[in-house]
1. Distance between Cα centroids, region 415-430 to region 136-193: provide it in whole Å.
2. I'd like the Karplus ³J(HN,Hα) series for region 244-249: coefficients 6.51, -1.76, 1.60, θ = phi - 60°, whole numbers in Hz, and an x wherever there's a Gly or Pro.
3. Which net charge results when you count Lys and Arg as +1 and Asp and Glu as -1 among the other residues whose beta-carbon is under 13 Å from that of Glu86?
4. DSSP loop trypsin sites (Lys or Arg not before Pro) in region 109-175 with at most 12 other Cβ atoms within 10 Å of their Cβ, which ones?
5. Can you list the equivalent-ellipsoid semi-axes of region 108-213, largest first and in whole Å, using the square root of 5 times each Cα gyration tensor eigenvalue?
6. List the trypsin sites (Lys or Arg not before Pro) in region 255-342 that DSSP assigns to loop (not H, G, I, E or B) and whose Cβ has at most 11 other Cβ atoms within 10 Å. Which are they?
7. Let me check I've understood the local charge: for Arg276, count other residues with C-beta under 11 angstrom from its C-beta, Lys and Arg +1, Asp and Glu -1. What total comes out?
8. Here are some values of Cα extents along the principal axes in Å: [x] 63, 55, 54; [y] 85, 61, 44; [z] 59, 55, 48. Which one was computed from this structure?
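Just so you know, all these numbers are worked out from the coordinates, no wet-lab data involved. Just so it is clear, the model here is predicted, and its values are computed rather than measured. Every residue, glycine among them, receives a Cβ derived from its backbone with ideal geometry; neighbour counts consider all protein chains shown.
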Amino acid sequence: MSPTQSPPPIPDTLEPALRTRIPGPESRALAERLARVESRNVTALDPIPIFWERATGANLWDVDGNRFVDLTAAFGVANVGHAHPELIEALTMQAGSLLHGMGDVHPPRVKVELLERLATLYPRGDSDEPPRVRSVLSSSGSDAVETAIKTALLATGRAGLLAFEGAYHGLSLGALDCTWRDDFRAPFDARLPNATRFATFDDLDDVRRIAAESGESIGAVLVEPIQGRGGERVPTRGFLRGLREICDEAGWLLIADEIYTGFGRTGAIFACDHERVIPDLLCVGKGLASGMPISACIGLESVFEAWPRSQGEALHTQTFLGHPASCAAALASLEVSRREDLPARARKLGAEVLERLRAGLSSVTTVREVRGLGLMIGIECNRPKISLDASERLLERGYVLLPSGDGGRVLSLTPPLSIGRDAIMQACDAIVACLADAGGYESR
């Protein structure tokens with residue numbers, strides 16, 4: 001976008017418009033084709049999913065021409081909305097000049113620009129200025145966590161980590177060792193270091209217990225300020241600040257995994273900002289570029305000094321580090337979020353959504369709790385079957401949601417931060433009606 005052009009407005013979110021039964025015939029045909037060529041463990045084909053064709057803002061269209069409202073932001077990624085025009089323009093311009101570079105040998109200019117921008121956003125606690133930080137760019141959330149794990153080992157000399165029950169930090173081997181779910185871990189246990197102790201989430205006393213028992217084995221605490229795939233679990237205010245204090249007392253690093261919560265999702269740029277906590281290391285991804293694969297581990301300069309200076313061969317890198325197109329998309333996404341103040345929008349709209357859902361579901365006995373912060377909201381049901389069935393029925397009405405939490409008992413709402421207010425309120429009413437109907441069946 002040229003300096004003289006006015007930025008495009010946040011696009012309206014259109015209500016669902018369905019032309020076929022869900023899933024439609026084209027989606028069904030593609031499911032059959034996919035089953036013949038993809039590992040059977042990747043895409044669940046029972047029930048048959050919809051296959052996406054295009055998306056813009058908070059709407060998506062499947063291959064059968066059905067229009068949906070996306071209440072997932074595609075795994076919490078599309079913070080500024082799908083295919084935001086400024087992001088597309090930035091991608092197009094960057095691809096036209098330099099699509100791929102040599103990120104750790106002859107770096108592209110845009111890599112430097114992104115690293116500089118990220119440094120200005122780091123949580124600053126009670127200070128007016130952010131601390132001095134360093135970063136390593138990568139491609140996925142797991143990559144960022146792997147960087148943090150290696151950095152913590154170098155900085156502390158201790159391989160052990162403390163993570164939390166319900167945690168999800170990725171599925172690469174290092175990150176998997178810190179991920180709670182046994183169904184992810186068990187098939188690969190023989191390759192895991194099992195160097196992680198798990199504490200009860202939102203329980204500082206349990207963290208202190210492990211600190212007393214662990215001696216010198218643990219070097220860092222790895223925590224999601226709000227658990228995402230664990231079921232949108234929001235800890236008691238003061239939990240994160242308490243962790244910071246325990247880490248300081250024990251000589252541990254505090255690693256904040258903000259891959260899901262970062263860049264405005266919870267109503268602040270980072271969830272750490274709600275308690276003015278400065279982590280030693282910060283993992284980010286997903287909403288960083290609103291659709292392009294890029295992540296980063298950012299951390300205090302004093303911590304990153306544990307890495308030796310590169311002599312030509314980086315100890316931790318990858319082919320697509322600092323990928324120019326992804327860096328350009330990230331810069332565009334961050335600028336849209338800043339200009340539109342999407343964190344404030346998420347804070348205000350999320351409070352309205354919580355109020356609407358809590359009021360509508362207060363008498364539905366199959367719903368245990370409605371919780372969240374910003375536009376990261378979970379509806380916990382009594383049994384996984386209730387939420388799983390509800391997500392299927394809502395898809396048939398044109399709303400895309402994901403289950404989360406233990407066995408999928410939580411309906412997760414993490415829409416684009418730019419979603420239209422009327423559209424998300426209509427979605428809330430559809431969710432309430434669906435769960436109320438499920439409650440009626442449950443009681444009979």
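1. When both Cα centres are located, 34 Å separates them.
2. Whole-Hz 3J(HN,Hα) from phi for region 244-249: 4, 5, 5, 4, 4, 5.
3. Details: positive: Arg338, Arg339; negative: Glu89, Glu335, Glu340.
Neighbourhood net charge equals -1.
4. Numbers: sites: Arg109, Lys111, Arg117, Arg124, Arg132, Arg134, Lys150, Arg158; in loops: Arg124, Arg132, Arg158.
In loop regions of region 109-175 (DSSP not H, G, I, E or B), the sparsely surrounded trypsin sites (Lys or Arg not before Pro) are Arg132.
5. Numbers: eigenvalues 162, 77, 31 Å².
Three semi-axes, in Å: 28, 20, 12.
6. On the way: sites: Arg265, Arg276, Lys286, Arg309, Arg338, Arg339; in loops: Arg265, Arg276, Arg309.
Passing both the DSSP loop test and the Cβ count: Arg309.
7. Numbers: positive: Arg124, Arg241, Arg244; negative: Asp126, Asp273, Glu275.
Every neighbour counted, the sum reads 0.
8. From the options [x] 63, 55, 54; [y] 85, 61, 44; [z] 59, 55, 48, the structure gives [z].
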